Structures are given as C-alpha cells and as structure tokens.
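The values are calculated or read from the model by the stated rules, or taken from the named source; none is laboratory data. What you see is a predicted model, and the numbers here were worked out from it, not measured in a lab. Neighbour counts run over all protein chains shown; Cβ positions are idealised from the backbone, glycine included. We work out accessible area using only protein heavy atoms, side chains counted, and drop any ligands, DNA or RNA first. Shrake-Rupley method; radii C 1.70, N 1.55, O 1.52, S 1.80 Å.
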Amino acid sequence: MVSWPRVFSVFGICFICLSTASAESASGQLYVKSIEGRAAFSADQGNWFPLEAGMVLGKGALLRTEAGSSADVILKASGTALRLVPNTLLEVAKLEKEIAGEEIITETRLNLKSGGLIGSQRKLNKLSTFAITIPGGTVSIRGTEYRVQADGAVSCLTGEVWVDYDSTKGGGLVKLGVPAGFSFDPATKHLAAIQSALLANPGPDFSAVRQNEQSFKKDTAPTVMKLAQKISPTHGDNGVGNGQDPAPPGNPPPNDGPGTGPGNPGNKGHGK
C-alpha cells in the first residue's frame, strides 16, 4: 500500500503535489498506483524524472512509459482507473473538480499522444465530463471499460463510449457511439464485433484495471443503529409485565407497579 499524498524532491526542486484547495472547487490529482518496468514524468514539459508509485501529479503533467513497461494511475475525483501500456505518452490537459452540494462535478481531459490506455470508469453524473483526445478525434467516456489507442482504434467492453472523428470528406467531425462488445476501426471508420473469447477473458491488463477500480465502489451496506445499553428482561422499558422500572419521559400511566413481573402484568389500559 502507498500513502497519498507524497511529497518528493528531485535535484533540489521540491514538488508539493497535493495542493491546498478551497472547500468548493479545486484541481484534481492523478495518483500513481504502481509501475512495471520504467516510466517517467515531466511537470514542466521539459525536464523528465523517474515516475514512481505513490507520486501525485496535477494538471499539465506528462507521463511516459518505455518499451515493455506500464503504469497504473487513478483519478479519484472522477472514479477513473487507467493503465498506460508500453510506449505511451500522455498529457494531463484538464483535471478539475467542483463540489456542488452532495455532488462532485469533474471535468477531465487527457491528451493521448502515443501508445494506448486501458480504463475502467465509474459512471459519471450528468454534469461531469471525461474525454481522451487522440490525433484526429476525441473519445468521450461516461461509465465503461475500454481501450483507446493513439492511432484512433477504440474498443468498448462494457457500457458505451463515443468517438468524434474527422470524416476526411469535408464534413467535419462525426460522432459515433461504440457499444459494449465492439471496436472502432479508424481506417474503415466502421464498427466491428469483438471476439467473444476476448470479451470473456480480456487479459491481465484489464484485470489489473478492474482491481484498481474497486477502490471507488461506495459502501452500500445498510446502517446499523446500536442501542447504548442492553434491556434487562426484568428491568425494561415500562412494558407490561416486565418488572418494576422507572417510567419513561412524558409520565405515562404506570405499567410496572410493585408486585408486577413476567406473567403478572400491571396496568392494562385502565390507568389515568
């Protein structure tokens, strides 16, 4: 387990990644869950440093994985779990959240410059947005499991994603829904069904993302109210025939006078 937030220092420059925010609105954070192999990040899009588990990055950061490497990150505010596959370059373009009553409204935009992302997205509320920009288009996510590649290929395992792509026919951007079990081919601009074997067993990358997404599940267990003290069978709540005890607030007619007890009830409704 890692501890968030983490304050780290590189070459004498201290990055305090978890910034102080107002109670109503603030920039979101991207948490680095784990690293396999080698990865790097840049906070100023110029200087690169090793990316490590436990780091917290904000808007404007660049993340890069090398060949044979991957990085698992989560965006807690929007309920997003992502895996950067090998040879991926990702920019965190927008990472905003705002608290409005009991709702958390998030606006997230990631620029996928190369490589690919595998994601699991908790269902967003109506006012929140999550978009992945790729060369030649944009992928909109609301609540689904998906894979997006920088070459424009998009696969949807559950839920539905939307692809805005350039029609290349002078008609501007075309919006296309990609339902569960289908992939979008950027070459043909058509949908194709995903093989059932791949849907049933999508592989270890999706399994890892699903496991990370479990941390966003809300506790739906019913609330259990516990009594402050136990009630004795012979010293109860002024009930009929349960023994002598003080009357509750409100001064009701006594049920438990002297000599009453189990099997020998007191007041049977005739008391004033």
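Structure above, values below:
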read-out: Qualifying residues in the range 58-71 (those that are assigned to a strand (DSSP E or B) and open to solvent by 10 Å² or more (accessible area, probe 1.4 Å)) - the one nearest to residue 117 (Cα to Cα); value: 70
read-out: Failed criterion for residue 125 (all others in (1) open to solvent by 30 Å² or more (accessible area, probe 1.4 Å); (2) touching a Phe, Trp or Tyr at 6+ places or on another chain (Cβ under 6 Å); (3) farther than 19 Å from residue 92 by Cα; (4) not β-branched (Val, Ile, Thr) hold); value: (2)
read-out: Number of positions in the range 175-206 that are among the hydroxyl-bearing types (Ser, Thr, Tyr) and exposed (fewer than 11 other Cβ atoms within 10 Å of the Cβ); value: 2
read-out: Count - residues of the range 97-119 that are open to solvent by 10 Å² or more (accessible area, probe 1.4 Å) and either modelled with pLDDT of 95 or more or within 16 Å of residue 154 (Cα to Cα) (or both); value: 6
read-out: Close pairs from the range 184-204: first over 18 Å from residue 120 (Cα atoms) and among the charged types (D, E, K, R), partner exposed (fewer than 11 other Cβ atoms within 10 Å of the Cβ) and at pLDDT below 90, Cβ under 8 Å, at least 6 apart; value: 189/167
read-out: Checking residue 152 against (1) farther than 28 Å from residue 51 by Cα; (2) in contact with a Gly (Cβ under 8 Å, 6 or more places away or on another chain); (3) surrounded by fewer than 22 Cβ atoms within 10 Å (Cβ to Cβ), the condition it does not meet; value: (1)
read-out: Conditions (1) of a type in the set (Ser, Thr, Tyr); (2) out of contact with any Gly (no Cβ under 8 Å at 6 or more places or on another chain); (3) farther than 18 Å from residue 205 by Cβ: number failed by residue 108; value: (2)
read-out: Residue in the range 165-172 that is surrounded by fewer than 19 Cβ atoms within 10 Å (Cβ to Cβ), at pLDDT 95 or above, in a strand (DSSP E or B) and not aromatic (Phe, Trp, Tyr) present; value: no
read-out: Any chance residue 112 is touching a residue at least 60 places away in the same chain (Cβ under 8 Å) and closer than 14 Å to residue 149 by Cα; value: no
read-out: Selection within the range 173-189 - on the phi < 0 side of the Ramachandran plot and either polar (S, T, N, Q) or in a loop (DSSP other than H, G, I, E, B) (or both); value: 180, 183, 186, 187, 188
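Every residue, every condition in (1) part of a loop (DSSP other than H, G, I, E, B); (2) over 30 Å from residue 40 (Cβ atoms), yes or no:
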site: 95; (1), (2): no, no
site: 113; (1), (2): no, no
site: 132; (1), (2): no, no
site: 138; (1), (2): no, no
site: 147; (1), (2): no, no
site: 152; (1), (2): yes, no
site: 162; (1), (2): no, yes
site: 191; (1), (2): no, yes
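Conditions tested, residue by residue: (1) under 19 Å from residue 79 (Cβ atoms); (2) open to solvent by 60 Å² or more (accessible area, probe 1.4 Å); (3) modelled with pLDDT of 80 or more.
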position: 9; (1), (2), (3): no, yes, no
position: 16; (1), (2), (3): no, yes, no
position: 20; (1), (2), (3): no, yes, no
position: 24; (1), (2), (3): no, yes, no
position: 39; (1), (2), (3): no, no, yes
position: 44; (1), (2), (3): no, yes, yes
position: 48; (1), (2), (3): no, yes, yes
